[in-house]
1. Among the candidates 166, 153, 127, which residue alone is away from ligand 2 (no atom under 16 Å from the Cβ) and free of Cβ contacts under 8 Å to residues at least 60 places away in the same chain?
2. Go through 152, 158, 164 for me and flag whichever is buried (at least 19 other Cβ atoms within 10 Å of the Cβ), closer than 24 Å to residue 57 by Cβ and more than 16 Å from ligand 1 (Cβ to nearest atom).
3. Which condition number does residue 98 fail, the rest of (1) in a loop (DSSP other than H, G, I, E, B); (2) surrounded by fewer than 20 Cβ atoms within 10 Å (Cβ to Cβ); (3) away from ligand 2 (no atom under 16 Å from the Cβ) being met?
4. Out of the stretch 69-95, which residues are away from ligand 1 (no atom under 15 Å from the Cβ), assigned to a helix (DSSP H, G or I) and surrounded by fewer than 20 Cβ atoms within 10 Å (Cβ to Cβ)?
5. Mind telling me which of the residues 201, 141 ends up being away from ligand 2 (no atom under 16 Å from the Cβ), crowded, with 20+ Cβ neighbours inside 10 Å and more than 21 Å from residue 106 (Cα to Cα)?
6. In the list 100, 193, which residue meets the criterion of being in contact with a helix residue (DSSP H, G or I) (Cβ under 9 Å, 6 or more places away or on another chain) and closer than 19 Å to residue 36 by Cβ?
7. Those residues that are away from ligand 2 (no atom under 16 Å from the Cβ) and either in a loop (DSSP other than H, G, I, E, B) or crowded, with 17+ Cβ neighbours inside 10 Å (or both), I need them from the stretch 178-190; list them, please.
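Readers should treat all values here as calculations from the given coordinates under stated rules, not as data from a laboratory. Predicted model, so just to flag it, every value in this text is computed and none were measured. Methodologically, a virtual Cβ is constructed for each residue, glycine included, from the backbone with ideal geometry; neighbour enumeration extends over all protein chains shown.
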Ligand code: FE2
Ligand code: FE2
Ligand code: FE2
């Protein structure tokens with residue numbers, strides 16, 4: 001890399017970190033809870049639409065996965081709404097019409113969304129909520145982040161072996177307390193995130 005290229009890379013990195021700082025600067029936990037509530041509510045609506053598309057295209061097991069993740073995002077939204085209420089505010093979200101493409105593209109978009117949430121958004125929100133000593137918000141953000149890690153893994157797996165996800169047969173479970181999601185054959189004895197017993201897991205197919 002020559003000096004010119006190095007200067008360009010450095011300038012780009014500075015700009016990116018400035019943009020990220022500007023995006024998150026001064027945001028309170030209440031702002032972040034509202035953003036997370038809106039994100040989870042939109043994800044729930046989007047995955048529900050992606051499940052319909054996957055069924056239409058004959059990807060029956062992908063449809064089941066989207067139904068499970070939609071259920072999980074709905075639980076995250078509810079938990080964030082409870083933390084918002086505790087702060088004396090009302091949860092608010094504008095639900096956009098889902099941008100539905102092919103199932104392969106929908107999986108790619110879903111994987112990108114989960115990756116942003118687990119790697120950038122939730123870690124930042126947890127940092128702010130910890131500084132504000134808001135334990136309920138910290139728990140709500142951590143619970144969601146742990147599930148997003150599993151959602152990302154399941155989407156990546158589906159993308160890597162898309163044809164094998166055409167027939168129905170893959171089933172999933174969702175913890176009704178925190179939204180943790182796993183394959184049915186990997187159902188844990190108790191939830192690894194919230195410690196709820198196995199009975200709190202709902203099967204989805
Ligand atoms: Fe979520
Ligand atoms: Fe998710
Ligand atoms: Fe759980």
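1. Exactly one residue qualifies, and that residue is 127.
2. Values: 152 fails: more than 16 Å from ligand 1 (Cβ to nearest atom); 164 fails: buried (at least 19 other Cβ atoms within 10 Å of the Cβ).
Exactly one residue qualifies, and that residue is 158.
3. Residue 98 satisfies every listed condition except (3).
4. 85, 86
5. That would be 201, the only listed residue that is away from ligand 2 (no atom under 16 Å from the Cβ), crowded, with 20+ Cβ neighbours inside 10 Å and more than 21 Å from residue 106 (Cα to Cα).
6. Working: 100 fails: closer than 19 Å to residue 36 by Cβ.
Just a single option satisfies the conditions, and that option is 193.
7. Going through the stretch 178-190, the residues away from ligand 2 (no atom under 16 Å from the Cβ) turn out to be 184-190.
Within the stretch 178-190, 187, 188, 189 meet the criteria.
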